[in-house]
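K.L.:
Structure in structure tokens, see below.
The values are calculated or read from the model by the stated rules, or taken from the named source; none is laboratory data. Bear in mind that the values here come from a model prediction, so they are computed numbers and not experimental data. Cβ: placed from backbone, ideal geometry, glycine included. Neighbour counts: every protein chain shown. Surface accessibility is based on the protein's heavy atoms, side chains included, excluding ligands, DNA and RNA. Shrake-Rupley method; radii C 1.70, N 1.55, O 1.52, S 1.80 Å.
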Amino acid sequence: MRPVLLLGGRVIDPTQRLDAVADVLLVEGRVAALGRDLSAPDDAERVDCRGKIVAPGFIDLHVHLREPGDEHEETIASGARAAAAGGFTAVVAMPNTRPPIDNPAAVGYVRAAGERAGAARVYPAAAITIGQKGEQLTEFGELRAAGAVIVTDDGRPVMHGGVLRMALEYAQNFDLPVAVHAEDLHLSRGGSMHEGVVSLRLGLMGMPPVAEEAMIARDLLLAEWTGGRLHVQHVSTARGVAMIREAKARGVRVTAEATPHHFTLTDEAVEGYRTAAKVNPPLRTAADREAVREGLRDGTLDAIATDHAPHHYDEKEQAFEDAPFGMVGLETAVGLAVTQLVCTGLLSWSQLVERMSVAPARILQLPGGSLAAGSPADVTVLDPDAEWIVEPDRFLSRSRNTPFAGWRLRGRAWRTIVGGRTVWSAASTP
Ligand code: DOR
């Protein structure tokens with residue numbers, strides 16, 4: 001593999017408290033050096049990064065890749081390529097496929113298919129319970145050995161408190177975080193959007209915020225009681241953010257993530273019965289959105305994760321109540337984060353890199369999240385000034401279900417490098 005010399009970019013690496021113009025040299029899949037006026041071997045590829053931001057590779061903790069079972073919506077390969085195009089060097093694939101990823105062979109399959117794709121790295125998440133039925137725990141040790149980096153029944157909550165307690169206890173033997181989709185199904189049943197004035201006006205059954213908050217409260221208490229590591233997925237309510245903040249202050253081992261759609265949109269996006277905006281947890285009120293933003297700012301919400309949830313056009317074309325929950329996110333996340341969080345002054349660039357690279361790597365103890373010499377050569381190069389319009393037809397994802405079609409965004413991935421190899425470049429995209 002040819003060495004790569006990234007020249008003159010604004011290098012932002014929070015792990016080294018670095019935000020300065022510098023060169024980065026990548027050799028044999030690792031960061032070999034970082035500094036001014038670096039020299040490189042003659043055969044090195046020299047990339048002019050002036051005006052660009054050079055950061056440790058972005059990691060998305062939460063994507064749905066639909067393989068096995070729904071390959072018409074996404075495959076592991078198409079998802080890994082969409083991730084690379086969105087500036088992600090690694091993603092964590094949720095286990096709610098058909099069948100679910102609940103055994104070591106299935107974990108191995110996801111890992112191998114990710115390696116074959118040769119785009120963003122794909123780390124498998126494994127189910128907490130067999131068949132994601134919420135009853136019997138899977139074999140965490142074997143799943144970990146096969147390559148699972150986290151256990152979660154995402155897409156569904158673990159309704160039985162006793163089962164989640166056991167999961168939080170058992171997972172500690174293998175140093176696995178337990179990620180939760182917090183939703184009390186008895187409270188949310190029948191709902192297809194946030195319960196509030198908009199759902200009332202549209203005549204749709206709502207999912208009250210307390211359905212999410214009651215489960216976050218329970219899961220925080222269980223994490224405290226067991227000493228296990230809890231990761232709360234896609235936090236969408238102000239009370240949820242506040243409870244996580246308080247729990248962290250008490251020393252509970254909890255981390256949390258927020259999605260671009262929850263920090264950007266409110267339930268008003270559903271007006272007109274737009275199924276592209278149907279997602280679970282649902283888009284909530286402006287006050288909730290502000291709380292999610294504040295949670296990202298103060299670090300209560302450690303990471304930005306997309307919950308990339310591809311669905312086929314025909315399925316999303318159904319009546320609102322019948323359409324599936326979810327929206328694609330891999331190829332809009334950076335633009336939304338830059339436009340909504342950095343351009344507004346809420347986050348510094350360094351904080352953005354923290355939330356999209358350093359924190360996800362830390363939460364899952366993954367290689368990456370740093371450009372220190374010796375780190376894997378996983379690099380996200382951004383064009384911070386690129387203005388572009390979201391055109392779903394150009395997505396590399398197999399699905400186009402986004403509520404952001406036609407939006408004008410600022411900031412875009414310019415080059416994505418995994419293990420020293422360029423897996424996506426804006427220059428080679430028409
Ligand atoms: O909107 C969602 N879509 N939320 C989930 O929890 C699951 C996901 C999916 O798999 O489509």
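K.L.:
Do we find that VAL107 is within 16 Å of the ligand (Cβ to nearest atom), over 24 Å from ASP385 (Cα atoms) and touching a helix residue (DSSP H, G or I) at 6+ places or on another chain (Cβ under 9 Å) in this structure?
P.N.:
Details: within 16 Å of the ligand (Cβ to nearest atom): no; over 24 Å from ASP385 (Cα atoms): yes; touching a helix residue (DSSP H, G or I) at 6+ places or on another chain (Cβ under 9 Å): yes.
It is false that VAL107 is within 16 Å of the ligand (Cβ to nearest atom), over 24 Å from ASP385 (Cα atoms) and touching a helix residue (DSSP H, G or I) at 6+ places or on another chain (Cβ under 9 Å).
K.L.:
Another question, if that's okay. For the stretch 398-430, which positions are farther than 22 Å from TRP349 by Cβ and among the basic types (Lys, Arg)?
P.N.:
Answer for the stretch 398-430, where residues must be farther than 22 Å from TRP349 by Cβ and among the basic types (Lys, Arg): ARG398, ARG400, ARG421.
K.L.:
Follow-up question, since we're still on this one. In the list ALA319, ALA286, ALA256, which residue meets the criterion of being farther than 22 Å from ALA80 by Cβ, under 13 Å from the mean Cα position of the chain (by Cα) and not acidic (Asp, Glu)?
P.N.:
Working: ALA319 fails: under 13 Å from the mean Cα position of the chain (by Cα); ALA286 fails: under 13 Å from the mean Cα position of the chain (by Cα).
None of the others qualify; the one that does is ALA256.
K.L.:
When the stretch 135-171 is examined, which residues are found to be in a loop (DSSP other than H, G, I, E, B), more than 16 Å from the ligand (Cβ to nearest atom) and of a type outside the set (D, E, K, R)?
P.N.:
Of the residues in the stretch 135-171, the ones in a loop (DSSP other than H, G, I, E, B) are 135-136, 138-139, 147-149, 153-160.
In the following step, the residues that additionally are more than 16 Å from the ligand (Cβ to nearest atom) were identified as 135-136, 138-139, 147-149, 160.
GLN136, THR138, GLY147, ALA148, VAL149, HIS160, listed by residue number.
K.L.:
Would you mind listing the strands (runs of 3 or more DSSP E) fully within the stretch 1-115 where at least 1 residues are open to solvent by 60 Å² or more (accessible area, probe 1.4 Å)?
P.N.:
Values: elements: 4-13, 18-27, 30-35, 45-48, 53-56, 58-63, 88-93.
Of the strands (runs of 3 or more DSSP E) lying wholly inside the stretch 1-115, those with at least 1 residues that are open to solvent by 60 Å² or more (accessible area, probe 1.4 Å) span 4-13, 18-27, 30-35, 45-48.
K.L.:
Quick check, is ARG253 of a type in the set (D, E, K, R) and either open to solvent by less than 10 Å² (accessible area, probe 1.4 Å) or over 20 Å from THR152 (Cβ atoms) (or both)?
P.N.:
Numbers: of a type in the set (D, E, K, R): yes; either open to solvent by less than 10 Å² (accessible area, probe 1.4 Å) or over 20 Å from THR152 (Cβ atoms) (or both): no.
The answer is no for ARG253.
K.L.:
Any idea how many residues of the stretch 408-430 are without any contact (Cβ under 8 Å) to a residue 40 or more places away in the chain and out of contact with any Asp or Glu (no Cβ under 8 Å at 6 or more places or on another chain)? Reasoning before the result, please.
P.N.:
Of all residues in the stretch 408-430, those without any contact (Cβ under 8 Å) to a residue 40 or more places away in the chain come to 408, 425, 427-428, 430.
Those left that are additionally out of contact with any Asp or Glu (no Cβ under 8 Å at 6 or more places or on another chain): 425, 427-428, 430.
Total satisfying the criteria: 4.
K.L.:
Given GLN365, GLN318, which one is within 16 Å of the ligand (Cβ to nearest atom) and of a type in the set (S, T, N, Q)?
P.N.:
Details: GLN365 fails: within 16 Å of the ligand (Cβ to nearest atom).
Every option except GLN318 fails the conditions.
K.L.:
Which pairs do you get when a residue that is free of Cβ contacts under 8 Å to residues at least 24 places away in the same chain, found in the stretch 80-100, comes within reach of a residue that is open to solvent by less than 20 Å² (accessible area, probe 1.4 Å), reach meaning Cβ atoms under 6 angstrom, with the pair 6+ apart or on two chains?
P.N.:
none
K.L.:
If you don't mind, another one. Within the stretch 394-430, which residues are of a type in the set (Gly, Ala, Ser), more than 18 Å from MET356 (Cβ to Cβ) and either open to solvent by less than 10 Å² (accessible area, probe 1.4 Å) or touching a His at 6+ places or on another chain (Cβ under 7 Å) (or both)?
P.N.:
SER397, SER399, GLY420
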